[in-house]
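**Q** First the structure, which I've put down as structure tokens, then a few questions once you've had a look.
The values are calculated or read from the model by the stated rules, or taken from the named source; none is laboratory data. Keep in mind that what you see is a predicted model, and the values were worked out from it rather than measured. Positions of Cβ are generated from backbone atoms using ideal geometry, with glycine treated the same way; all protein chains shown enter the neighbour counts.
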Amino acid sequence: MKTYIQVFLTFARNSLVRDLSFRTNFLLQCVTSISWAIMNWAFFKIIFAQGKNIAIGKGTGWTENEFFIFLGTVWIINAIVQTFFMPNAQEFSELIRTGNLDFALLKPIDTQFLVSFPRLNWASLANFFLGIVVVVFYANALMHDAVNPLSLSVFQVLSYIVFIGAGVVIMYSVMISLAATSVWLGRNQNLYMIWFYLTNFYRYPMEIYQRGVIGWGLWGFFSFVVPVLVVANVPARTLAQPLRESGGNRWENWLILLLFTMALVSLWVSRRVFRWALSSYRSASS
Amino acid sequence: MWAKASTWWTYFRVSLEERMVYRGDFIIGVMMRFLPFATQVFMYWAIFETLQANEQPEGRLTGEIGGFTFYDLIAYLLLVTVTRAFSSMPGLTSGISNSVRNGEVKKYLIQPIDMVGFMLIQRVAHKLVYYVMAFLPFAFWFYLFRDCFTNGIPGVEIFAVYLLSLVLSFLLGFFLETCMGLIAFWYLEVTSLTFIYMLFNFFLSGHMFPLTWLPGEFEWAVQALPFQYLAYFPAAVFLGKITGAALYWGIVVQIAWVFFFFLLSRLLWHRGVKRYSGFGG
């Protein structure tokens, strides 16, 4: 265990040194990703400005302030995924294609660990902090709401953090499984695209899918098969409590259970997929 | 004259075939492109539900945001993907600026051909291939949401104007991005410029939401800048949101913008080539 932590810290340090050796580029990347996030925020700001009662779904409680907590949560999770996993998943596909995975297989350390963390993209962490700022700002606004104030206990804040952790585990599992498919597909150039399209579904409160046959179908698929819907929904619900006025609802607890079950299951499945992929791997180099 | 036309025709055919190479990838790509659209439909469905004052038969949504009902909005977002298929030029600015930076532009200087003209031919060819291959996926999605086009297909006159403004949006997108790329003759790094362009495009072209949703203070920016012609204008024309004098005035302004950027691109090219110096082979 100690070795793993040390190796991880070395990876983190090396990546930081590497990122900071091109300082202007690093800053530019931070500015770019922050601008994207702000555009995203402004987009919803425009929508919410269209009417007083606008919410994401009738009776769901996702009005402006609650929804921006949701959005901030999505940014936090996205930033973690992009900092820690994204560059590595892409690199993993490349390792398979070039045959350089041989070198990773030879090292006396768990291969999945070794390909999962060597390169961290520190600039992506900018949105992590921006997400925290947004969540804190809107949570504060909700707590001072005149009509329907939000009250938060330390326990709730802690569970928010733990739930985000569980969500990140799910995202990691989906991503590493996707990346592992390059063993069979040879080149997985579309990895980023597929990832983008899949995760597009997790960026909204799950209530929007709970209608119609197609909607429920999507809801079921993204809750149980590729369980990305619980990733942001559970932590955001815990903090923003959209239904606090009507005394909350019971299915909250079921969602929490689903989140943790899915985190464990997907981690296990991704481990299996990874092992399976390795057993099918034939080195490409000579 | 004939020799020139034959050169251009050959280049056009080469560009066509170059694009046909990755067909499978391509069609899957177009199909997938609509997935984010599905989430948007569900999101707006949920939002418009909150505007509903009383229950309607068959759950029809009656609310309006900025003059757009839910059905108008879905039709609008579909139409905008069509306009974007005309006006977006992936990789044009960066392609030109890269070829200036790494000296590839030399090949156009020593050959009796015009770089911008050739790039235009290349884009026309690529776009044509795109429309042929993307036709089925687009038709599928339009058919799926056919009920959202509550006004049906517009009359001949409006439709002709619509087609014209689509072609103009292609030209506008092309010359605008070419100009940005040519700025590389003066400043080698144009990525920050591209980023600012994208930022403006996001809010002022209308490809994310109808421009009528923008707060009133931005109205002048919409009118004064060419971005609305890259997405909003043709779609709004199709939906009958722009009629009468405004319609023809809009087309005139769009033509003027195309001319402006065409002339600007000629100017930038001639001035830029004079500044340019290439070394080595």
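**Q** Just need a number here: residues in segment A:209-228 that are surrounded by 15 or more Cβ atoms within 10 Å (Cβ to Cβ), more than 9 Å from chain B (Cβ to nearest Cβ) and either among the aliphatic types (A, V, I, L, M) or touching a strand residue (DSSP E or B) at 6+ places or on another chain (Cβ under 8 Å) (or both).
**A** 2
**Q** When you look at A:LEU120, is it under 16 Å from the mean Cα position of the chain (by Cα), aliphatic (A, V, I, L, M) and part of a loop (DSSP other than H, G, I, E, B), yes or no? Walk me through how you get there before you give the answer.
**A** Values: under 16 Å from the mean Cα position of the chain (by Cα): yes; aliphatic (A, V, I, L, M): yes; part of a loop (DSSP other than H, G, I, E, B): yes.
Considered against the rule, which asks whether it is under 16 Å from the mean Cα position of the chain (by Cα), aliphatic (A, V, I, L, M) and part of a loop (DSSP other than H, G, I, E, B), A:LEU120 comes out as yes.
**Q** Something else: Go through (1) surrounded by 18 or more Cβ atoms within 10 Å (Cβ to Cβ); (2) more than 10 Å from every other protein chain (Cβ to nearest Cβ) one by one and return the number of the condition A:GLY57 breaks.
**A** The failed condition is (2).
This table checks each residue for (1) farther than 30 Å from B:GLY250 by Cα; (2) touching a Lys or Arg at 6+ places or on another chain (Cβ under 6 Å); (3) at pLDDT below 85.
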site	(1), (2), (3)
B:SER88	no, no, no
B:GLN111	yes, no, yes
B:HIS126	no, yes, no
B:ALA134	no, no, yes
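**Q** Please go through (1) touching a residue at least 24 places away in the same chain (Cβ under 8 Å); (2) closer than 20 Å to A:PHE196 by Cα; (3) out of contact with any Pro (no Cβ under 7 Å at 6 or more places or on another chain) for A:TRP219 and return the number of the only condition it doesn't satisfy.
**A** Only one criterion is unmet by A:TRP219, namely (1).
**Q** Of the residues in segment A:176-208, how many are surrounded by fewer than 19 Cβ atoms within 10 Å (Cβ to Cβ) and in contact with a Phe, Trp or Tyr (Cβ under 9 Å, 6 or more places away or on another chain)?
**A** First, pick out the residues of segment A:176-208 that are surrounded by fewer than 19 Cβ atoms within 10 Å (Cβ to Cβ): A:181, A:184-187, A:189-190, A:192-194, A:196-198, A:200.
In the following step, the residues that additionally are in contact with a Phe, Trp or Tyr (Cβ under 9 Å, 6 or more places away or on another chain) were identified as A:198.
Selection size over segment A:176-208: 1.
**Q** For segment A:231-258, name all the residues that are part of a helix (DSSP H, G or I), of a type in the set (A, V, I, L, M) and either surrounded by 14 or more Cβ atoms within 10 Å (Cβ to Cβ) or within 13 Å of chain B (Cβ to nearest Cβ) (or both).
**A** Correct list: A:VAL231, A:ALA232, A:VAL234, A:ALA236, A:LEU239, A:ALA240, A:LEU255, A:ILE256, A:LEU258.
**Q** So how many residues does segment A:49-83 have that are outside any helix (DSSP H, G or I) and of a type outside the set (Val, Ile, Thr)?
**A** 11
**Q** Can B:PHE185 be described as within 11 Å of chain A (Cβ to nearest Cβ), surrounded by 14 or more Cβ atoms within 10 Å (Cβ to Cβ) and closer than 24 Å to B:VAL116 by Cβ? Walk me through how you get there before you give the answer.
**A** Numbers: within 11 Å of chain A (Cβ to nearest Cβ): no; surrounded by 14 or more Cβ atoms within 10 Å (Cβ to Cβ): yes; closer than 24 Å to B:VAL116 by Cβ: yes.
Taking the combined requirement at face value, the residue does not satisfy it.
**Q** Checking B:TYR131 against (1) in contact with a Gly (Cβ under 9 Å, 6 or more places away or on another chain); (2) within 26 Å of B:LEU79 (Cβ to Cβ), which single condition isn't satisfied?
**A** Checking B:TYR131 against (1) in contact with a Gly (Cβ under 9 Å, 6 or more places away or on another chain); (2) within 26 Å of B:LEU79 (Cβ to Cβ), the one that fails is (1).
**Q** Go through the residues of segment A:32-44 one by one and say whether even a single one is part of a loop (DSSP other than H, G, I, E, B) and more than 7 Å from chain B (Cβ to nearest Cβ).
**A** Within segment A:32-44, none of the residues are part of a loop (DSSP other than H, G, I, E, B) and more than 7 Å from chain B (Cβ to nearest Cβ).
**Q** Next question. So B:ASN201 fits all but one of (1) in contact (Cβ under 8 Å) with a residue 40 or more places away in the chain; (2) within 14 Å of chain A (Cβ to nearest Cβ); what number is the exception?
**A** (1)
**Q** Looking at segment B:25-36, can you tell me whether even one residue there is in a loop (DSSP other than H, G, I, E, B) and over 22 Å from B:HIS270 (Cβ atoms)? So that I can check it myself, show each step before the final result.
**A** Within segment B:25-36, the subset in a loop (DSSP other than H, G, I, E, B) is B:34.
From what is left, the residues that are over 22 Å from B:HIS270 (Cβ atoms) are B:34.
Checked against the condition, which is being in a loop (DSSP other than H, G, I, E, B) and over 22 Å from B:HIS270 (Cβ atoms), segment B:25-36 yields at least one hit.
**Q** I'd like to know if segment A:42-64 contains one or more residues that are in contact (Cβ under 8 Å) with a residue 24 or more places away in the chain and among the basic types (Lys, Arg).
**A** no
**Q** Right, next: Do we have A:ALA179 as of a type in the set (Gly, Ala, Ser) and over 15 Å from A:VAL81 (Cα atoms) here? Steps first, answer last, please.
**A** Numbers: of a type in the set (Gly, Ala, Ser): yes; over 15 Å from A:VAL81 (Cα atoms): no.
In short, no.
**Q** Is it true that some residue in segment A:3-23 is within 14 Å of chain B (Cβ to nearest Cβ) and either part of a helix (DSSP H, G or I) or modelled with pLDDT of 90 or more (or both)? Steps first, answer last, please.
**A** Residues of segment A:3-23 that are within 14 Å of chain B (Cβ to nearest Cβ), as a first pass: A:22.
Next cut, either part of a helix (DSSP H, G or I) or modelled with pLDDT of 90 or more (or both) only: none.
Looking through segment A:3-23, none of the residues is within 14 Å of chain B (Cβ to nearest Cβ) and either part of a helix (DSSP H, G or I) or modelled with pLDDT of 90 or more (or both).
**Q** Enumerate the pairs (first residue in segment A:146-174 and over 30 Å from A:ALA277 (Cα atoms); second residue anywhere and at pLDDT below 85 and surrounded by 18 or more Cβ atoms within 10 Å (Cβ to Cβ)) with beta-carbon separation below 7 Å, excluding pairs fewer than 6 apart on the same chain, so at least 6 apart or on different chains.
**A** Pairs found: A:LEU150/A:GLN241.
**Q** Given the conditions (1) among the charged types (D, E, K, R); (2) out of contact with any Asp or Glu (no Cβ under 9 Å at 6 or more places or on another chain); (3) under 17 Å from A:LEU152 (Cα atoms), report the number of the one that A:ARG237 does not fulfil.
**A** The number of the failed condition is (2).
**Q** Please specify each residue of segment B:36-58 satisfying the condition of being surrounded by fewer than 15 Cβ atoms within 10 Å (Cβ to Cβ) and either modelled with pLDDT of 85 or more or facing chain A (nearest Cβ under 9 Å) (or both).
**A** As a first pass, look at segment B:36-58 and keep what is surrounded by fewer than 15 Cβ atoms within 10 Å (Cβ to Cβ): B:36, B:53-58.
The one that is surrounded by fewer than 15 Cβ atoms within 10 Å (Cβ to Cβ) and either modelled with pLDDT of 85 or more or facing chain A (nearest Cβ under 9 Å) (or both): B:PRO36.
**Q** Among (1) surrounded by fewer than 18 Cβ atoms within 10 Å (Cβ to Cβ); (2) at pLDDT 90 or above; (3) aliphatic (A, V, I, L, M), there is one condition A:ALA139 misses while meeting the rest; what is its number?
**A** (1)
**Q** Let me ask something additional. Taking the residues in segment B:66-101 that are small (Gly, Ala, Ser) and surrounded by fewer than 22 Cβ atoms within 10 Å (Cβ to Cβ) as candidates, determine which candidate is farthest from B:PHE209 (Cα to Cα). Before you say what the answer is, go through the steps one by one.
**A** If we filter segment B:66-101 for residues that are small (Gly, Ala, Ser), which is where we start, we get B:66-67, B:75, B:85, B:87-88, B:91, B:94-95, B:97, B:99.
Narrowing further to those that are surrounded by fewer than 22 Cβ atoms within 10 Å (Cβ to Cβ): B:66-67, B:85, B:88, B:91, B:94-95, B:99.
Working: B:GLY66: 10, B:GLY67: 12, B:ALA85: 17, B:SER88: 17, B:GLY91: 24, B:SER94: 27, B:GLY95: 29, B:SER99: 35 Å.
Top of the filtered list is B:SER99.
**Q** Sticking with this structure for a sec: Can you say whether A:ASN65 is surrounded by fewer than 23 Cβ atoms within 10 Å (Cβ to Cβ), away from every other protein chain (no Cβ under 14 Å) and farther than 29 Å from B:GLU217 by Cα, as far as the supplied structure shows?
**A** The answer is no for A:ASN65.
**Q** Being buried (at least 21 other Cβ atoms within 10 Å of the Cβ), under 20 Å from the mean Cα position of the chain (by Cα) and of a type in the set (Val, Ile, Thr) is the requirement here; does B:VAL252 meet it? Show your work before the answer.
**A** Values: buried (at least 21 other Cβ atoms within 10 Å of the Cβ): no; under 20 Å from the mean Cα position of the chain (by Cα): yes; of a type in the set (Val, Ile, Thr): yes.
No; evaluated as a whole, the condition is false for this residue.
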